[in-house]
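Scroll down for the structure; my scribbles are underneath it.
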Amino acid sequence: MSTPSFEIIVVGGGPAGVSCAYSLAKMGKKVVILDKKKQDQIGNKTCGDALDLESPMILHDALGLELPKGDEISDKVTKMTVKTDSVDITLRAPGYTVDRHIYGQRLLKECLDLGVELISDAPVRDVIIENNFVTGVKYRKDGEIKEVRANLIADCSGTLGAVRKHLPEGFSDGLYQTIPDHHIAATFREIVKLKEDHPYSEEIVLAYFPSIPPPGYLWFFTKGEKRLNIGTGWLKSENKLLEKPMKQIYREALDEYYKLGEDYEIEITGGGQIPIRPPYDCLTFNGGVIIGDAACQVDPTTAEGHGPALVCGYYAAKAMVKAIHDDNFTREKLWDYNIDVMAHYGRRNAISYVTLQFLREIEADGMDFILKRKVLTEDEVKSVYDGSDPDTGFFAVLLKVIRCFPKYGLLRSMYKLVSNVKKMGSIYDDYPNNPVDLPAWRLRRNELLGEAL
Ligand SMILES: Cc1cc2nc3c(=O)[nH]c(=O)nc-3n(C[C@H](O)[C@H](O)[C@H](O)COP(=O)(O)OP(=O)(O)OC[C@H]3O[C@@H](n4cnc5c(N)ncnc54)[C@H](O)[C@@H]3O)c2cc1C
C-alpha cells in the first residue's frame, strides 16, 4: 500500500461533512474535504431549512463551535403546528430556520481556518479497496481522474452515497449500496415572497390534507417577514401511481391559502430526495464510516436531517480518532460510532418510522378524526413527533374508546402504534456492542416491523 496523504478523507462538505471535518481538525487530525461543488456553492441545498436548537448546541458544548448567528438565521422557531382540515395542535419546538448557504459557508470556513484542506469541483467517482480495506477514493478534477489516500474515509455525500454505492455488496453487513424508492421521500419546495405578512411567525407547520398522498404533508416554514419556505413530499414509490405530477398537486393544495401572482412570487424553486428509514444497521466498514443522509439518519416523519448530520459528524469523528490512535481501521474498531448513533437517532428514527407507517395507514381523514375528537392528547401527539414513548394508563384507554366511537379500526391502528413504539424503543436500547450479535438483533427488529430493513 502507498503512504496515505491524509489521516481522513471526508467526501462531501454538507452538514455531515463540515461537522466531521471540524471535529477531527479540533482533535488534531489531518483532514481533506472533497466536494463536487465549486467552493462558493458548498452548503447551498434545496431544503426546508428548519434546524432544531439541540443539535448545534451539542457541537457548541463539545467543541466550541458557534451557534447559527446573524444573517445565517432566517427566523427563530419556537413552535411546530400539526394541522389537519379542522384542527391545529401546536407543540413547543425551539430552533431556527437557517439560510443553508450562508450557514454552510461559515462552517466550511471554520474548517479551513483549522487547517482542513479542500478539493472542490471534484466529484468522487470510485473507491480504492486494498486487502479488504477502503484506502482512498478516485475523483475527477480538471478533466482528469485523480486519487487520494487516507487511513480512513467518511462518506458524507448525501442520499446517493458516493462511497457507499461503490462498496461491494456484503462488504459490511447492515450497509447497502442503494436506497429503494419506498424508503425515499421525493420532495418539491419553493421559497416565496408574499405581498402581505404571513401568520407563521417563529413557526413551522406540517399540514396533513386529503389531497396530499399519505404520509406526506404540505409544510409552511417561516423565513422571516413576508417570506416562507413551502413544500411537500411523499414516498417516491407512490409517484408512479398518481395521476398528476407532484408540482401540480402542490400548487392546487397551496391555492387554498395563497394564489401564485396574486399573493406571492417565487424566489427559489427546487426538489430533492430524502431517505426515510431508520439508519442503516451498521455505519462502519473496514477503512471508514458513513454519516448524514448517506447513512439514512433523517427523521422519517418530519424529514429533519440537518441536525442529525451535524451531530453524527461529531460522533463519527470521536470513533475515528480512537481508531487512528490504535492504528486499527476495522469496522469493529469503529463500532462505538454505531453505538452512539443507534442510542440517539437509531432509537428515535425507528420509532418515527413506525409512526410513518401509521400515518400512511390512517390517511389525512383519520388524522383529522383523531385530533378533532382528542383521541390523542397533545402530549401523545408530541411523543409521536419527538420519538418518545407515549404513556397510556387505564382511564386514558377508556377515554380513547369512547372518543373513537364508531371508528374502532382507527383505535386498533393506534394501539398497534403505541405497542410497536414501546417495543421498538427497547429493541434499539439493546443494539449490540459488537458486530457478531448484529444478525440476531436485526431479526428481532425486522420481526416487529414485518419488513426486512
Ligand atoms: C426539499 C428538502 C427539504 C428538507 N427540509 C429539511 C428541514 O427543514 N430540516 C432538516 O433538518 N432537514 C431537511 N432536509 C434534509 C436535509 O437537507 C439533509 O438531511 C441534510 O442536508 C443532510 O446533510 P448531509 O451532509 O448528509 O448531505 P447533503 O447536505 O446532501 O450534503 C452532501 C454534500 O456532498 C456533496 N457530494 C455529493 N456527491 C458527491 C460526490 N460524488 N463527490 C463529492 N461530493 C459529493 C454535495 O455537493 C454536498 O455538498 C430536507 C431535504 C430536502 C431535499
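Of all residues in region 273-316, those satisfying the criterion of being more than 8 Å from the ligand (Cβ to nearest atom), of a type in the set (Val, Ile, Thr) and either surrounded by fewer than 24 Cβ atoms within 10 Å (Cβ to Cβ) or part of a loop (DSSP other than H, G, I, E, B) (or both) are Ile276, Thr301.
State yes or no: is Ala154 more than 12 Å from the ligand (Cβ to nearest atom), closer than 19 Å to Ile291 by Cβ and small (Gly, Ala, Ser)? When the stated conditions are applied, Ala154 does not pass them.
Evaluation of Ile33 against the conditions (1) at pLDDT below 95; (2) of a type in the set (A, V, I, L, M, F, W, C); (3) surrounded by 24 or more Cβ atoms within 10 Å (Cβ to Cβ) shows that the sole unmet condition is (1).
Within region 413-424, residues that are without any contact (Cβ under 8 Å) to a residue 40 or more places away in the chain have Cβ atoms under 7 Å from residues that are surrounded by fewer than 17 Cβ atoms within 10 Å (Cβ to Cβ) in these pairs: Val418/Thr392; Lys422/Asp389; Lys423/Leu448, counting only partners at least 6 apart in sequence or on another chain. Taking the criterion of being more than 15 Å from the ligand (Cβ to nearest atom), charged (D, E, K, R) and not in a loop (DSSP other than H, G, I, E, B), the residues of region 80-109 that qualify are Lys83, Asp88, Arg92. Restricting region 263-307 to residues that are over 28 Å from Leu438 (Cα atoms) and not β-branched (Val, Ile, Thr) leaves a set whose member that is farthest from the chain's Cα centre (by Cα) is Asp263. The residues of region 20-40 that are outside any loop (DSSP other than H, G, I, E, B) and either of a type in the set (D, E, K, R) or more than 8 Å from the ligand (Cβ to nearest atom) (or both), listed by number, are Cys20, Ala21, Tyr22, Ser23, Leu24, Ala25, Lys26, Val31, Val32, Ile33, Gln39, Asp40. Checked against (1) within 11 Å of the ligand (Cβ to nearest atom); (2) charged (D, E, K, R); (3) crowded, with 19+ Cβ neighbours inside 10 Å, Asp75 passes all but a single condition, namely (1). Among the residues of region 53-62, none qualifies, meaning not one is at negative phi, under 21 Å from the mean Cα position of the chain (by Cα), part of a strand (DSSP E or B) and touching a residue at least 60 places away in the same chain (Cβ under 8 Å). Just to be sure before I move on: is Lys83 closer than 27 Å to Tyr385 by Cα and in contact (Cβ under 8 Å) with a residue 60 or more places away in the chain in the structure I sent? When the stated conditions are applied, Lys83 passes them.
The values are calculated or read from the model by the stated rules, or taken from the named source; none is laboratory data. If you're wondering where the values come from, they're calculated on a predicted model, not measured in any experiment. Ideal geometry is used to build each Cβ from the backbone, glycine not excepted, and the neighbour counts take in all protein chains shown.
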